[in-house]
1. Within segment 96-146, list the trypsin sites (Lys or Arg not before Pro) lying in a DSSP loop whose Cβ has at most 11 other Cβ atoms in a 10 Å radius.
2. Which of the three applies to segment 110-226, rounded, prolate or oblate, going by the alpha-carbon gyration tensor with a ≥ b ≥ c and a/c under 1.5 meaning rounded?
3. If you place +1 on the Cβ of every Lys and Arg, -1 on the Cβ of every Asp and Glu, and leave all else neutral, what size is the dipole of the chain about its Cα centre, to the nearest 20 Debye?
4. Net charge within 13 Å of residue 198 by Cβ-Cβ distance, Lys/Arg positive one each and Asp/Glu negative one each, not counting residue 198 itself?
5. For the pair residue 180 and residue 142, what calculated FRET efficiency results from E = 1/(1 + (r/R0)^6), where r is the Cβ-Cβ distance and R0 = 22 Å, to the nearest 0.05?
6. Quick one, what does Rg over Rh come out to for segment 54-106 if you take C-alpha atoms and the Kirkwood Rh?
7. Taking the Cα-to-Cβ direction at residue 150 and at residue 134 and moving 7 Å from each Cα, how far apart do the two end points lie in nm?
8. Rounded to two decimals, what ratio of Rg to Rh does segment 1-98 give with C-alpha atoms and a Kirkwood Rh?
Amino acid sequence: MSNIHFVIVAGGSGKRIQSSVPKQFVEIYGAPIWIHTYRRLKNAVPNAEFTIVVHNDNTALWNEQKSKFLQDQIINLADSGPERFHSVKNGLRFVKPNQIVAIHDAVRPFVSNAVIEKGIHVADRYGAAVPAIALKESIRQADGALSKSLDRSQFRIIQTPQFFRADIIIDAYRQSYHSSFTDDATVVEAASKSIRLIEGNTENVKITEDIDLIICEALLKRMSHS
C-alpha cells in the first residue's frame, strides 16, 4: 500500500490522567504512548506519510521525544486548535488531494493491521470507512430520573483510525465548526457523504483514564512476548 497519509491527533490535555504531561506523552513500557501508536501504524504501512498534531505548549516535549525515539523519521508537525475539528483541519494541510487519509487518536496504540488494511481498501472504493465494534453491555437512555432500555444491537462503538479519500475529507473540513462534530465521520456526514462501517478490533482502546494505562501496559507486555 502506498499514497497513504496518517494524521495523528495528539493535541489533548489529558486532564483525566494523573500526570504532569498530557496522556499521549506519558512513557509506558519503554516509550511514550504516541510513539507506540506511531510504530503500530508505521509497521502496518511502512511507506505512508505522517502528520502529527500537537498543542503549542507541548511542541518542545514532542521534539524531545521524537529525537530520542524516532530521530530519523520524517513526520510533519501541525498545531492543534481549540477543538478536535480545528486540530484535524490543521493536520489536513499536509495531505495531498490524491491520498487516502487515516485520522487516528495518538492514544490508541493497538489498532490491528487488519483494520488498517480493510479501512484503506474500503475508503479507496467507497470514500469513507470507520471501524466500529458491537456493544457488550446493556444500555439505557436516561431522561432525568427515568430511563428506558434500548436495543444494543442497533448501536456501535466507534474507533479510529477513520479512513477517507483526501478529496472528501478536505472538502468536508471546509465547513464551519459545529458542536455536533464529535469525530471525523460526523464532519463528513454533515457534508452529505455516506459512512461505511468496518469491523474494528477490541484491543483498540482509547487511553483516557488511569485504568487505561494499566490495560495499555498489560497489552504491550503480552504483545512483546507473543
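No lab work stands behind these numbers, since they all come straight from the coordinates. As the structure is a computational prediction, the values presented were derived from the model and not from experiment. Backbone-built Cβ (ideal geometry, glycine too); neighbour counts: all protein chains shown.
1. Sites meeting the loop and neighbour criteria: 136.
2. oblate
3. Dipole of the chain, to the nearest 20 debye: 280 debye.
4. +1
5. Between residue 142 and residue 180 the formula returns 0.70.
6. Expressed as Rg/Rh, it is 0.99.
7. Simple spin-label model gives 1.8 nm for this pair.
8. Reported Rg/Rh (Cα atoms, Kirkwood Rh): 0.95.
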